[in-house]
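What follows is a single structure, written as structure tokens, with notes after it.
Here, each number is a calculation from the coordinates, and none is a lab measurement. All values derive from a computational prediction rather than experimental measurement. Heads up, the Cβs are rebuilt from the backbone with ideal geometry, glycines too, and the neighbour counts pull from every protein chain shown.
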Amino acid sequence: MNIAVLKSTANQMVAKGKGILAADESSKTIQKRFDKIGLKSDPDTNLAYRKMLFTTPGIENYLSGVILFDETIKQSIDGILIPEYLSKRGILPGIKVDKGIVDLPAFPGEKITEGLDGLKERLIEYAKLGAKFAKWRAVITIGQNIPTDKCIEENAKRLAKYSLLCQELDIVPIPEPEVLMDGDNTLEICQDATERTLKSLFTKLKEYNVNLEGLILKTNMVISGKKCPVQANAQEVAKETIATFLNVIPKEVPGIVFLSGGQTPDQATENLAKINKIAGSPWQLSYSYGRALQDEALMAWAGKNENVMEAQKAFIERVKKVSQARSQQPSQN
Ligand code: 13P
């Protein structure tokens, strides 16, 4: 484990004005995204779509890294392997390394992430392909009497084990506990679930001796459930998110990047701006959005070659707006 390398990569990932594009949709998830434009996913079509995103002129000014899927890290753009293509443009290639979620046995409604089997071998292969960081997503669901401590703890344990394996190979881990925002719960309930989840994660990371300066946390904002009749505004989301983080996230962590989780691009942009306006955070607060960065570009592209320029225009416009949101300076009060 080379801590200087890990720290340097982690700091680059959250460099000023920059954030990460999550383009690591699994085969199942990319099909869900393509359903919106009536397109069938296959490796060539997935590549055409991602090539449109990655070749957008100027993105290196706003993107420090891109998270890739196993299929994508082995594909090429104009004869150059994608991780190499991105590196040449000054963008760090990263990789999703978990194997997705399954039901947590005996805990109805709750999920656990798989993928520790063979993880070391996969990480060695990805490192050879050029991956500098790796993501593992855990899903926490809000509902009647859930999340349980057991689900939170079991996911935290796996996040810690994966993080340690990454660091041993000088790959920066992005542990991603995501409290889902799909329910009808209030912001207060999301706050409680998020705080419990993050508290457990940092307890386990400490227990496993994970170096906190060599990781980037990816997580959700504290936000109202999508179906909640009372929606908290951006100011409330920002205030509760930062207050929760200050309660449980050690200051050694260099940066926190948000997932968008089903927020609209405008909502994810506005909330991030408000979060950065709050003074007193010891961390870089940036983005690692999937849908919020891609949605408008995907709709403009619509699976057609002749729409590539239009789609790239939509993509860079959104990336720029999100970068500006991330660059907001805290106000005095
Ligand atoms: P969304 O921003 O679309 O939630 O995706 C981020 C991500 O990487 C989820 O794992």
Would you tally the residues in the stretch 274-301 being in contact with a Lys or Arg (Cβ under 8 Å, 6 or more places away or on another chain), of a type in the set (A, V, I, L, M) and within 16 Å of the ligand (Cβ to nearest atom)? 6
Taking the stretch 228-247 and keeping only residues that are over 17 Å from Phe258 (Cα atoms) and surrounded by 14 or more Cβ atoms within 10 Å (Cβ to Cβ), one is left with Cys228, Gln231, Ala232
Can you find even one residue in the stretch 79-86 that is in contact with a Pro (Cβ under 6 Å, 6 or more places away or on another chain), outside any strand (DSSP E or B) and free of Cβ contacts under 8 Å to residues at least 60 places away in the same chain? yes
For the stretch 260-270, give me each residue that is in contact (Cβ under 8 Å) with a residue 60 or more places away in the chain and either out of contact with any Lys or Arg (no Cβ under 9 Å at 6 or more places or on another chain) or surrounded by fewer than 23 Cβ atoms within 10 Å (Cβ to Cβ) (or both). Gly261, Gly262
Can you find a residue in the stretch 302-316 that is in a helix (DSSP H, G or I), closer than 30 Å to Met52 by Cβ, basic (Lys, Arg) and away from the ligand (no atom under 16 Å from the Cβ)? yes
Taking Leu201, is it of a type outside the set (Lys, Arg), closer than 22 Å to Ala160 by Cα, in contact with a Lys or Arg (Cβ under 9 Å, 6 or more places away or on another chain) and crowded, with 16+ Cβ neighbours inside 10 Å? no
Those residues of the stretch 197-234 which are farther than 24 Å from Ser286 by Cβ and not in a loop (DSSP other than H, G, I, E, B) amount to Thr203, Glu207
